[in-house]
1. Express the relative contact order of the chain as a whole percentage, based on alpha carbon pairs under 8 Å and six or more residues apart in sequence.
2. Among DSSP beta bridges whose residues both lie in the chain, state the antiparallel percentage, nearest 5.
3. Using only Cα atoms and rounding to the nearest 10 degrees, what angle (0 to 90) does helix 188-198 make with the longest principal axis of the chain?
4. Tally the DSSP beta bridges in region 175-373 and give the antiparallel ones as a percent, rounded to 5.
5. Which angle between 0 and 90 degrees, to the nearest 10, do you get for helix 136-160 versus the longest principal axis of the chain when only C-alpha atoms count?
6. Could you give the Stokes-Einstein D for region 251-301 in µm² per second, using the C-alpha Kirkwood radius, 25 °C, 0.890 mPa s?
7. Using C-alpha positions alone, give me the convex hull volume of the chain per residue in cubic angstrom.
8. Once you keep just the Cα pairs under 8 angstrom separated by 6 or more residues, what percentage relative contact order results for region 6-134?
């Protein structure tokens, strides 16, 4: 019995990029080119005839740009869209906006050379296969409903706790010697935006690895910071971990943690990819486990691959606690699935309840310190 090929519509204003992508698709077993278009208007004209399963969509095009084209596609006949972006600040900003609007993933294309081939061949083909078959209409509906539920729940919890206008400053235990280590990949930007809209201080320092290329993480940190009561920044060497601060690993660099003179500092450095990635969740979590031990809360969320499973295992081995996002609320149940199947997760959680579960586990794990001290 033959399996139906995945049909891909390629939209890019560069004839060279269109040729490279179409050649790679045609050379990949189980994939075929459903059509090509040099701009958004042409893509929309041939959409019904092409009947694509996945669309690769250039971010910056003359006339009708990628965002405008994406909006019409998702409104008319939602199919999985993978944005193809330049490795620039403008490309990063537009791509992150596209992910918020409903694009499923993206590929950042270097100028030329072996890195371009890696992005438009290995990475793009892998993501086309992963995104094919996603029920985008359902995903958009679920995201909208979830965001409304979470915002309503957050407001209610703040009111019940008397925090409508002022957040409590004393959690009942020390925050400076604790850490939350979070790893995430595909589907991460909208998931983290929802989480950090809801997470309220006081919280221990939070370190995050989100698989992203250079230029993208600075823009992403700024976007998260604008919607959160926490201080969120792209991590830099020398940063001192502080409560109510969030440190996002820079794209293309590993995030290490080092203790010196009673303080924990960030060290950002190059290095070979670990678990297929740089930055790597495993690298960051291994350091967090070594430094914080049973005072570390590890969290692994949506994403392709297996990065983070070993790191969660290291946190558990050091006496810490680990949580994994569940399948039902993950855009891609990959990294978190591996960690769960390999026995490196203590508890699974729904994205809807993520902020509540993090706070609940913090109270369960660490408030006993106050009782013991008494």
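1. On the way: 769 pairs, mean separation 41.1, N = 374.
Answer for the chain is 11 percent.
2. Bridges in the chain are about 15 percent antiparallel.
3. 40
4. Working: 9 of 34 bridges.
If I count the DSSP bridges inside region 175-373, around 25 percent turn out antiparallel.
5. 20
6. 212
7. With only Cα atoms used, the chain gives 140 Å³ per residue.
8. Numbers: 224 pairs, mean separation 30.4, N = 129.
Reported relative contact order: 24 percent.
Each reported figure results from applying straightforward, stated rules to the coordinates on display, with no laboratory input. These numbers were taken from a predicted model, which means no experiment stands behind them.
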